[in-house]
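Encoded as structure tokens, the structure appears first; notes follow it.
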Amino acid sequence: MQKYLRLFSIVFVVGLLSSCGGGKKQVPKKIFRYNESAGLISLDPAFAKDQAVIWATNQLFNGLVQISNDLEIKPCIAKSWDISEDGLVYTFHLRNDVFFHDHDLFEGGKGRRLVANDVVYSFKRVMNPQTASPGAWIFNDKVDTEQPFLALNDSTFQLKLKAPFRPMLGVLTMQYCSVVPEEIVTHYGKDFRKNPIGTGPFKLKIWEEGVVLTMVKNGNYFEMENGKKLPFLDGVKIEFAENKHTAFLNFMSGELDFFSGIDPSFKDDVIDKDGTLKKEYSDKINLYKTPYLNTEYLGVLVDPSNPAMEENPLSDKLVRKAINHGFDRKQMISFMRNNIGTPAVSGFLPKGLPSYHDHAVTGYEYDPELARKLLSDAGYPNGEDMPEVLLFTNPSYVDFCTYIQRQLSEIGVSIELEIVQPGLLRDLMARSEASFFRGSWIADYPDGESYLGMFYSKNPAPPNYTRFSNTKFDSLYEASLNENNDAKRYTMYQEMDRIVIEEAPVIPLFYDEVVRFIRKDVKGLAGNPINLLILKNVDFQLKKSAKTS
């Protein structure tokens, strides 16, 4: 009986969110619908590790600062901030009109005002080992050990670092840094994951895990746009169809308003080889593409102390450079991704970062003759006597690895593929048991340091899966953390990137793109290089309201 009551409740609530009724109260009409094929494990921002959780919690919570679509760090809960000259103390001045969502635990059932102590609690909670937040790393070993977080008064919060870390403001835009109310978290404990109370533009209405999630407009939200209160939508509905092809068909039939990403099962049906939308769909949907802070690559274990590398040909830099020159990235992106993405012929830092510069950092172009010469110089003319190399990949990238395998065979490099599940592959990489592996690195925050930390010798794995170690690189990396001048810091980043390319612990494949299919009547849903879903500014054209009323 309980099961049927739950199902009835879902149908009833979703019905309210999808239709217009009579009487004095107008039920929501402008409902934004999208699918989350990966499922959703939590609505607690302390566990916002994957895209599904990040997208959902971004609608429910706010942080001190936020990131714009052009990667500018902007005020949010904090209206302004000051940074001390030594880069160790960040003082944030909070707005006084930010309120948590209504809840019975608050006085009178009305959401109380957010104060600086809420920020202190939220940040300490992320660091607390008992929380077991995967985001603890953002503060661990970075903040002051005695008093890292202080509430100077209700409207002034202070963060203290133990050493300068220039990307700190970018770190604070992450969903891990969302502000939560202590009394609500304490009341629900671990069940806060499904009873989230934040200050965001939307608040949770119902979540039947694996079936449907609905949020409704927060009428007490503090942000405005062009003199109008946000959000413009009345609600958000998330569905959970696991099959991406099925979800895309739902989008094309008008059951969803937005679809993110491209899948091999339908890419040729909707996208031409030049990466544009096929003409037959141009009157129904828009295709938006923007650089995505994600570099796809092949990684090589370059730790000379590892016994597995003693007789491995990849321990020779010349062989790694030969592989870099030995396959055609441009052809690979054209054939296999319909030109979605940019061939990685510059550095490891991806297109879309402010520090990216394709002239300052020159990567590897397809040059089979040069690749053969490099192999010969390494003692393997035409690949003779070169042992077979084992490349680990997960099932999603077998087609890319097969393409590379085939092209490298033409210069004499023999590759064998070992296909393992993503979790196992990450474990092998972390334990240095995969000497050659397919990887991807998505920026945690919009700063080149998020990528260059992968090659700092004092970092463990993750992020330093290749165990790269270079004295000059380390010196530049440490100096960049103390550099407040962006232009100078970016020059340092580019010099570090050139070292990575020269030493070749990685073989960059391509810089990804955010791909979004959006129905014509959706307005205000722009793409951004971190692929964050921002719905508070989204609205529908008038005909949308008519359709759903």
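The values are calculated or read from the model by the stated rules, or taken from the named source; none is laboratory data. Note that this is a predicted model, so its numbers are computed, not measured. Note that we place each Cβ from the backbone using ideal geometry, even for glycine, and neighbour counts take in every protein chain shown.
It is to be established whether one or more residues within region 97-113 are assigned to a helix (DSSP H, G or I), in contact with a strand residue (DSSP E or B) (Cβ under 9 Å, 6 or more places away or on another chain) and either of a type in the set (A, V, I, L, M, F, W, C) or surrounded by fewer than 16 Cβ atoms within 10 Å (Cβ to Cβ) (or both).
Within region 97-113, the subset assigned to a helix (DSSP H, G or I) is 107-109.
Among the residues that remain, those that are also in contact with a strand residue (DSSP E or B) (Cβ under 9 Å, 6 or more places away or on another chain) are: none.
There is no residue in region 97-113 that is assigned to a helix (DSSP H, G or I), in contact with a strand residue (DSSP E or B) (Cβ under 9 Å, 6 or more places away or on another chain) and either of a type in the set (A, V, I, L, M, F, W, C) or surrounded by fewer than 16 Cβ atoms within 10 Å (Cβ to Cβ) (or both).
Every residue, every condition in (1) among the charged types (D, E, K, R); (2) touching a strand residue (DSSP E or B) at 6+ places or on another chain (Cβ under 8 Å), yes or no:
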| position | (1), (2) |
| --- | --- |
| 363 | no, yes |
| 367 | yes, no |
| 373 | yes, no |
| 377 | yes, no |
| 383 | no, no |
| 387 | no, no |
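Residue-by-condition table, conditions (1) buried (at least 18 other Cβ atoms within 10 Å of the Cβ); (2) touching a residue at least 40 places away in the same chain (Cβ under 8 Å); (3) under 30 Å from residue 493 (Cβ atoms):
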{"site": "386", "(1), (2), (3)": "yes, yes, no"}
{"site": "399", "(1), (2), (3)": "no, yes, no"}
{"site": "420", "(1), (2), (3)": "no, no, no"}
{"site": "436", "(1), (2), (3)": "yes, yes, yes"}
{"site": "444", "(1), (2), (3)": "yes, yes, yes"}
{"site": "466", "(1), (2), (3)": "yes, yes, yes"}
{"site": "473", "(1), (2), (3)": "yes, no, yes"}
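Looking at (1) free of Cβ contacts under 8 Å to residues at least 24 places away in the same chain; (2) over 24 Å from residue 317 (Cα atoms); (3) hydrophobic (A, V, I, L, M, F, W, C), find the lone condition where residue 492 falls short.
(2)
Go through region 352-373 and count every residue that is within 23 Å of residue 276 (Cβ to Cβ), surrounded by fewer than 22 Cβ atoms within 10 Å (Cβ to Cβ) and touching a residue at least 24 places away in the same chain (Cβ under 8 Å). Spell out the reasoning first.
Taking region 352-373 and keeping what is within 23 Å of residue 276 (Cβ to Cβ), we get 352, 358.
From what's left, surrounded by fewer than 22 Cβ atoms within 10 Å (Cβ to Cβ): 358.
Those still in the list that are touching a residue at least 24 places away in the same chain (Cβ under 8 Å) too: none.
Number of matching residues: 0.
For region 206-233, which residues satisfy the criterion of being in contact with a helix residue (DSSP H, G or I) (Cβ under 8 Å, 6 or more places away or on another chain) and either among the aliphatic types (A, V, I, L, M) or surrounded by 19 or more Cβ atoms within 10 Å (Cβ to Cβ) (or both)?
Of region 206-233, the ones in contact with a helix residue (DSSP H, G or I) (Cβ under 8 Å, 6 or more places away or on another chain) are 206-209, 211-216.
Selection gives 206, 207, 211, 212, 213, 214, 215, 216.
Filter region 501-521 down to the residues that are among the hydrophobic types (A, V, I, L, M, F, W, C) and either surrounded by fewer than 20 Cβ atoms within 10 Å (Cβ to Cβ) or out of contact with any strand residue (DSSP E or B) (no Cβ under 7 Å at 6 or more places or on another chain) (or both) and list them by number.
Answer for region 501-521, where residues must be among the hydrophobic types (A, V, I, L, M, F, W, C) and either surrounded by fewer than 20 Cβ atoms within 10 Å (Cβ to Cβ) or out of contact with any strand residue (DSSP E or B) (no Cβ under 7 Å at 6 or more places or on another chain) (or both): 501, 504.
Keeping to region 114-142, report how many residues are surrounded by 16 or more Cβ atoms within 10 Å (Cβ to Cβ), in a loop (DSSP other than H, G, I, E, B) and small (Gly, Ala, Ser).
Of the residues in region 114-142, 2 are surrounded by 16 or more Cβ atoms within 10 Å (Cβ to Cβ), in a loop (DSSP other than H, G, I, E, B) and small (Gly, Ala, Ser).
For the condition at pLDDT below 95 and not assigned by TED's automatic domain parsing to the domain that holds residue 239, what is the one hit in 94, 17, 71?
Working: 94 fails: at pLDDT below 95; 17 fails: not assigned by TED's automatic domain parsing to the domain that holds residue 239.
On inspection, the qualifying residue turns out to be 71.
Give me a count of the residues in region 476-515 that are outside any strand (DSSP E or B) and out of contact with any Ser or Thr (no Cβ under 7 Å at 6 or more places or on another chain). Outline the logic, then answer.
Taking region 476-515 as the starting set, the residues that turn out to be outside any strand (DSSP E or B) are 476-505.
Right, trim to out of contact with any Ser or Thr (no Cβ under 7 Å at 6 or more places or on another chain) and you get 476-488, 491, 495-504.
Final tally of qualifying residues: 24.
Which numbered condition in (1) surrounded by fewer than 21 Cβ atoms within 10 Å (Cβ to Cβ); (2) closer than 28 Å to residue 32 by Cα; (3) among the hydroxyl-bearing types (Ser, Thr, Tyr) is the only one that residue 186 fails?
(2)
Within region 341-350, can you find the residues that are buried (at least 20 other Cβ atoms within 10 Å of the Cβ) and of a type outside the set (Ser, Thr, Tyr)?
Of the residues in region 341-350, the ones buried (at least 20 other Cβ atoms within 10 Å of the Cβ) are 341-344, 346-350.
Matches in region 341-350: 341, 343, 344, 347, 348, 349, 350.
Would you say residue 430 is touching a residue at least 12 places away in the same chain (Cβ under 8 Å), hydrophobic (A, V, I, L, M, F, W, C) and under 19 Å from residue 302 (Cα atoms)?
On the way: touching a residue at least 12 places away in the same chain (Cβ under 8 Å): yes; hydrophobic (A, V, I, L, M, F, W, C): yes; under 19 Å from residue 302 (Cα atoms): yes.
Against the criterion (touching a residue at least 12 places away in the same chain (Cβ under 8 Å), hydrophobic (A, V, I, L, M, F, W, C) and under 19 Å from residue 302 (Cα atoms)), residue 430 qualifies.
Return the residues of region 237-268 that are among the aromatic types (Phe, Trp, Tyr) and either without any contact (Cβ under 8 Å) to a residue 12 or more places away in the chain or touching a Gly at 6+ places or on another chain (Cβ under 7 Å) (or both); say none if nothing qualifies. Quick ask: steps written out before the conclusion?
We begin by selecting, within region 237-268, every residue among the aromatic types (Phe, Trp, Tyr); these are 240, 248, 251, 258-259, 266.
Matches in region 237-268: 240 only.
Only one of 337, 406, 372 is on the phi < 0 side of the Ramachandran plot and at pLDDT below 95; which?
337
Which one of these does residue 126 not meet: (1) over 24 Å from residue 186 (Cβ atoms); (2) touching a residue at least 40 places away in the same chain (Cβ under 8 Å)?
(1)
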